[in-house]
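Worksheet for the structure shown next.
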């Protein structure tokens, strides 16, 4: 089975609020065709968050560092449907468009033998 681990780091010129970041995260998962089974959220003082989604396909997370204006979306996916991954990335890029200085996307493809 092939798996993809992906990390999207966004350096934002204007840092969106945590609820907007989470909204983008869950929208990207939903419209990307991922199936959320459970979620957990932790807030860090004064305004950072980490939210984790357990997926039928593996798991995903979003973490924020408001003091550095950085958001990181992580997706771990067990499957070979590249369209799901591309939709996830495109939705995040489109929703944060105009507020991002840089978007870094790292993809790691693993194959279990």
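The values are calculated or read from the model by the stated rules, or taken from the named source; none is laboratory data. All values reported here derive from a predicted model rather than from experimental measurement. Note that each Cβ is placed from the backbone with ideal geometry, even for glycine, and that neighbours are counted across all protein chains shown.
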Would you be able to tell me the number of residues in the range 67-93 that are over 12 Å from the mean Cα position of the chain (by Cα), modelled with pLDDT of 85 or more and either farther than 12 Å from residue 28 by Cβ or not in a helix (DSSP H, G or I) (or both)? 1
Unique residue being under 17 Å from residue 20 (Cβ atoms) and surrounded by 13 or more Cβ atoms within 10 Å (Cβ to Cβ) when the list is 89, 70: 70
By residue number, the members of the range 67-77 that are in contact with a helix residue (DSSP H, G or I) (Cβ under 8 Å, 6 or more places away or on another chain) and farther than 16 Å from residue 87 by Cβ are 71
Scanning the range 26-50 for residues that are closer than 10 Å to residue 64 by Cβ and under 14 Å from the mean Cα position of the chain (by Cα), the one modelled with the lowest pLDDT turns out to be 49
For the range 12-24, check the following and say yes or no: at least one residue is part of a strand (DSSP E or B), at pLDDT below 95 and crowded, with 16+ Cβ neighbours inside 10 Å. yes
